[in-house]
Amino acid sequence: MVVGQIFKIHSDFYYVNSDNRIFECKLREVLKKQKQKVFVGDNVEFNNGAIEKILPRKNFIPRPSVSNIDQVIIVSAVKEPELNFLQLNRYIAFANYHNIPSVLCFNKNDLSDNDNTIEKVFSIYEPLGFDILFTSAIEGYGLDEFKKILDGKISVLCGTSGVGKSSLINAISGINLKTKAVSDKTLRGTHTTRHCEIIPINDNSKIVDTPGFSNLKFDFLMPDEVDNLFREIHCYKASCKYPDCLHIHETECAVKANLGKIDETRYESYISFVEEAQQYKEKVKYHGIKKESAQKNTHEKISVKISSQKREKSRNTKKQNIYKDIDNE
Ligand code: GDP
Ligand code: ZN
């Protein structure tokens, strides 16, 4: 039996990399019958072109689906487009939810004139323990560091369109990433499958080429779970009077008592995500969408949405942590 990692899926074909050799495989009938889902990034055992077993995943990101990611590089631009802290915090919380370490990269450094963006970024995110990079894909600034961060890992780059993700990869790798994802909308309406692929960018670094992670709303968890994604807020929770305190309007809230120690933009983002989660909670109440939360902390959770018309069985294979969404095929 040979072990390898799926780097691309094309209809029924699974492309597996094993020791830098590429194998085109199909899925064993028995796995199909068990309705086993296979994703880009999955480590598999295969034999004679047939995938026999999917090995346990260390993490999984839906929409587009990819597993076993080492890190998320969250790319923002210091200008053009203007740095959006809400969006940045959204990506951070998203990576945190999926138990994937994140690195913050601020590109277009060449455009930052004497403003205080750099100071502000450091003052907010350094105390939270993030690796922070400033780069300019155009002027070549910070690219050695950027390369080093990617070294030996499988990374996902995320960030708003136009911040320079493709330019950064192109600048350090000599490959030529398409700068705008080609729309592959089919006639299947909103259930468009969006592909991703793991591509090597040099000897031992790989990135996931994705059309981007859209629709990152916190509409899949309960409002009182959102603070798990903000460590500087969560750390006070045990001292709040109410165990389900949302740290917004409650009395005797330890978070509110310590607001001076929490960055304002981070707290504002937290409130926005709680509001999204509240909308989700309402939906659960009124539209019969059930949520089963097996959550103890952000690293152990399974959330399953089940619509009243279309039910899917929850599947918990070994210790896989999977967030499944009926919209995600
Ligand atoms: P993506 O959508 O995040 O992949 O962004 P692209 O790589 O397509 O870049 C969007 C635009 O920003 C392009 O016009 C790039 O030339 C420009 N750009 C990318 N990196 C930099 C940079 O470091 N400095 C400046 N001034 N422009 C950049
Ligand atoms: Zn509180």
Right, I92: under 23 Å from the mean Cα position of the chain (by Cα), aliphatic (A, V, I, L, M), assigned to a helix (DSSP H, G or I) and within 28 Å of F218 (Cα to Cα) or not?
-> yes
The number of residues in region 196-226 that are in contact with a Cys (Cβ under 7 Å, 6 or more places away or on another chain) and of a type in the set (S, T, Y) is 1
(Q) One residue is enough: does region 208-223 have a residue meeting the conditions at pLDDT 95 or above and either in a loop (DSSP other than H, G, I, E, B) or over 22 Å from S67 (Cβ atoms) (or both)? (A) yes
Do the conditions hold for L104, that is, is it in a loop (DSSP other than H, G, I, E, B), in contact with a helix residue (DSSP H, G or I) (Cβ under 8 Å, 6 or more places away or on another chain) and free of Cβ contacts under 8 Å to residues at least 60 places away in the same chain? no
Within region 238-265, the count of residues that are in a helix (DSSP H, G or I) and either surrounded by fewer than 20 Cβ atoms within 10 Å (Cβ to Cβ) or among the small types (G, A, S) (or both) comes to 10
Yes or no: region 124-138 includes at least one residue that is more than 25 Å from E264 (Cα to Cα) and surrounded by fewer than 16 Cβ atoms within 10 Å (Cβ to Cβ). yes
Quiz item: Has region 244-256 got at least one residue that is more than 16 Å from ligand 1 (Cβ to nearest atom), more than 30 Å from I6 (Cβ to Cβ) and touching a residue at least 40 places away in the same chain (Cβ under 8 Å)?
Solution: no
Every listed condition ((1) modelled with pLDDT of 95 or more; (2) over 30 Å from T160 (Cβ atoms)) holds for V72 save (2)
Problem set entry | Residue match in region 30-37 (condition: at pLDDT 95 or above and either surrounded by 14 or more Cβ atoms within 10 Å (Cβ to Cβ) or over 26 Å from the mean Cα position of the chain (by Cα) (or both)) | no
| request: Report yes if D42 is touching a residue at least 12 places away in the same chain (Cβ under 8 Å) and loosely packed, with under 12 Cβ neighbours inside 10 Å, otherwise no. | output: no
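The values are calculated or read from the model by the stated rules, or taken from the named source; none is laboratory data. On a predicted model such as this, the values are computed, not experimentally measured, just so you know. Counting neighbours? That spans all protein chains shown, and the Cβs are built from the backbone with ideal geometry, glycine included.
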